[in-house]
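A quick write-up on the structure given underneath.
Derivation of every value follows stated rules applied to the coordinates shown; laboratory data play no part. Every value quoted in this text rests on a predicted model; they were computed, and no experiment measured them. Cβ placement follows ideal geometry from the backbone for every residue including glycine, while neighbour counts extend to all protein chains displayed.
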Amino acid sequence: MTNDSARYREVFFAESQEHLQELNDGLLTLEKDPAAEEAINTVFRAAHTIKGMAATMGFQTITTLTHRLEDVLDRLRSHVLSLTPELSDLLFQAVDRLEGFLSDAQAGDEPPLSALEDILPELTRWAGREEKPAAPGAPAAAAPGDAALSPYEAHAIAEGSRQGFQAFFVTVRLAPDCLMKGVRAFLVFQKLEGRGEVLRAEPPVEDLEEEKFADSFRLLFLTREKAVTLKALLAGISDVAAVEVTPVTGQAPAAASAASPPKRAGHGAGGEEKPRHLSTQTVRIDIRRLDNLMNLVGELVITKTRLEQLLLTASSPDLEETMKSLTRVAGGLQDAVMKARMVPLDQVFSRFPRMVRDLARELGREVEFTIEGEDTELDRSVIDEIGDPLVHLLRNAVDHGVEPPADRRQRGKEPTGHVRLSACYEGNHVLIAVEDDGEGINREAVLKKAAERGLISAKEAQELSEEEVYRLLFLPGFSTAAKVTDVSGRGVGLDVVQNKIESLGGSVEVTSRLGEGTRFAIRLPLTLAIIQALLVSLGSETYAIPLESVEEIQVIRQGAVKRVRGREVILLRGEVVPLVYLDALLGVSGAAAPGDEVSIVVVRGSSSRAGLVVSGLVGQREIVIKSLGRFLGNIPGIGGATILGDGRVALILDTGGVLALAEGRNDKRRLAS
C-alpha cells in the first residue's frame, strides 16, 4: 500500500463504522415505511461511500460486496424494485457480512472473494444484472449537449431547479503522469460531498475506482453552488490538470428565493439547516491521548491534595493565595478533560434497534422499540462496559417480557408489545431504564423456584418483600422460565448484569407489575476517573468509600445494637440495618476494640443496605482512581486504589462487593462481651 493510501486507512475504518450505522438505521426505517425517500437515499449514499473508499484502499472483497449492494439499492431508489420481507432480510444479511469484512480488514486479514459465494448471486439476482466491467481506458460519455437524461435524473433536476438548485456536467482531466487516478477521483467525490448530489458518473463509479478510464471523467452534479465555485474547489486537488463546468441545458431557471433543497441533495438552505460541510468542526483524537491527559490531570489532583496537606503545617497568605489559584486552574482543567471524555450513549444505543428487530422476528413477536435520551453523555470508560448488560436486559424483555401476539390478544392487549430504552441525568448519575409492557415478574413463580433450589424456606417466602423477591433474580443461573431457549430467560444473565454494573460503581433496581410489565433501572456515575470519597480508618489503614454509595454516618452507643436472626443490627428510623465489621471482613489486624461509641457508615448497594463499622472517620476527599492491575484487580470488595495527600496508598472499597461478601459470612465479632 502506498503512503498516500495509508493516510486514509484510519479515516476509512472510522467513517465506515458511521456509514454502517446509517445502513442499519435506514433499512430499519424502510421496513416500516418503504416509501421513505430520504431513507433510501441515505442507505444508497452510505453504501456508495464505503464502496468508493474501499476501492481506494485496495479492499477488493469489500468493494465487490458494496458494489452489488449499491446496485440493488439503486433499483429500490429508482422504484424498479419494492422492498419485500425477503429482500429486506437479504439486505440486512449483506450489511452484517460487510461489517464482518471491515472488521477483518482492520485486523489486516480481509477475506478472499470466495467468501461472497453464498450471498453475491442473490444480490446479483435482485440487481437484475451480471458483471460486465468496462474495459480499461473506456472513453467518457457523449458531450453535455448530446447526453440524454434518465427519468430519475430529469425528475431530480426539475425538482431541484424549482428549489434553487442547478445541474452541471463537471469534467475533470487528470495530469498524464498521475499514478493514482482512483485516489484522485475519490478526492473529487469527497470535495463535492455536502455541496449537492452526484446524479451520474461517466464512466461508472466502479470503473473510476478501479482506474478503468483514461485521464478524464465526468459527473452530472446537482448543487446550489456556482460554476466558478465548483471549478475553484476541484482545481486545487493534486494532479487535477483541468476542470470544466457546463450547465445542463433545458432546465428551469434557478429560484433564488427557494426555501429548501430537495431531500436528496443534503444541503441546507439559509438559516434553516446547517450545510453538511460545516459538520467538520471537530477533530478525531486517539483515545489513548485522552487517557494520557486524564492520567496527567489525576497526578495534578494528587499534587494539589499534597500541597493542601503541607499548608496545614506551613501556612502563609501568599501560599494560600497561590493555592487558591492552583485549585481554580486545576478544577477548570479537570472539568475540560472530563467533558472531552464524555461520549453520547447513542454510540451504544444505536446498535440495539437492529438487534431487537432480528430477535423479535426470530421469536415471532411484534415489538415496537423506542429509544429516548440517547444524547445523554457518559464517561468513555463507562460507555465501553455497559453494552453487554443492556443486551441481556433487552433480550430478556423481548423473549420473556413481551408475550406472543396471540397471548396479548387473549389478555386484552394490543398484539404489538412495547420495549423502551431510555436515559437521563439524575444528579451526578445517569439513569438508564429498560421497560416492557409484557407479562411482568410472577412473584409466586420466583418463590417456588427459590424454594426448589433450597434458597429459602416456605416461612421465609411469606415474609420477603417485593424488593427481596426481585433480588433472587440476580442469583447466578436463576430463572423462572418454564421453557429454556437459546435466547434468554427471566433471570438468566442478570447476575452478569449486576456484577458488571456494580463494578462500575452503579446499581440495578427492578420494579414489576404482573400482567403490565417490568422495568430495570440502572444508575451509573458520570465518570470513574476522579470521584468524591469518604476516607475512613481501620486501625492504621485508611480506606476510601465512594461518596455516591454513602447514605449517612451514625455514631451509636453499644446499647443501640440489637440482634436479629443471629446478626447484629441497628434500627434507623424504623428500618433494620445489618452491621458489617470491615476489619473482620477484610482481615485487617490492629483495629482498636470499640468503646462506648461506634462509628458506622451506612451504604447502599444495588438492592440492599448495611452499616459499615469503622475505627474512625478521616473526612471527605477528591480522589483519583488507580487500577490494581491484572493480578490484583479481582479482589472481592476492592475496586481500586488511590494516593493520599501524604503519599500513602489507600484502597477504594467496592460497596456492592463488600455487601456481597457480608451476605456470605457471619461476623463473629460482637460489641457486647
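Remark: spin-label model distance T370-R565 equals 4.0 nm, labels positioned 7 Å along the Cα→Cβ axis. Amide H to amide H, with H built 1.01 Å from N, E403 comes under 5 Å of E439, counting only residues 5 or more places away or on other chains. From least to most packed, judged by other beta carbons within 10 angstrom and beginning with the fewest, Y470, Y425 follow the order Y425, Y470. Once you sort the root eigenvalues of the Cα gyration tensor of the range 346-525 as a ≥ b ≥ c, which label holds: rounded (a/c under 1.5), prolate (a/b larger than b/c) or oblate (the other case)? Judged from the Cα gyration tensor, the range 346-525 comes out oblate (a/c at least 1.5, b/c at or above a/b). Give me the distance between the Cα centres of the range 52-74 and the range 356-423, rounded to whole Å. Rounded to whole Å, the Cα centres lie 33 Å apart. Counted by neighbouring Cβ atoms within 10 Å, the residues T416, T370, T63 run from fewest to most as T370, T416, T63.
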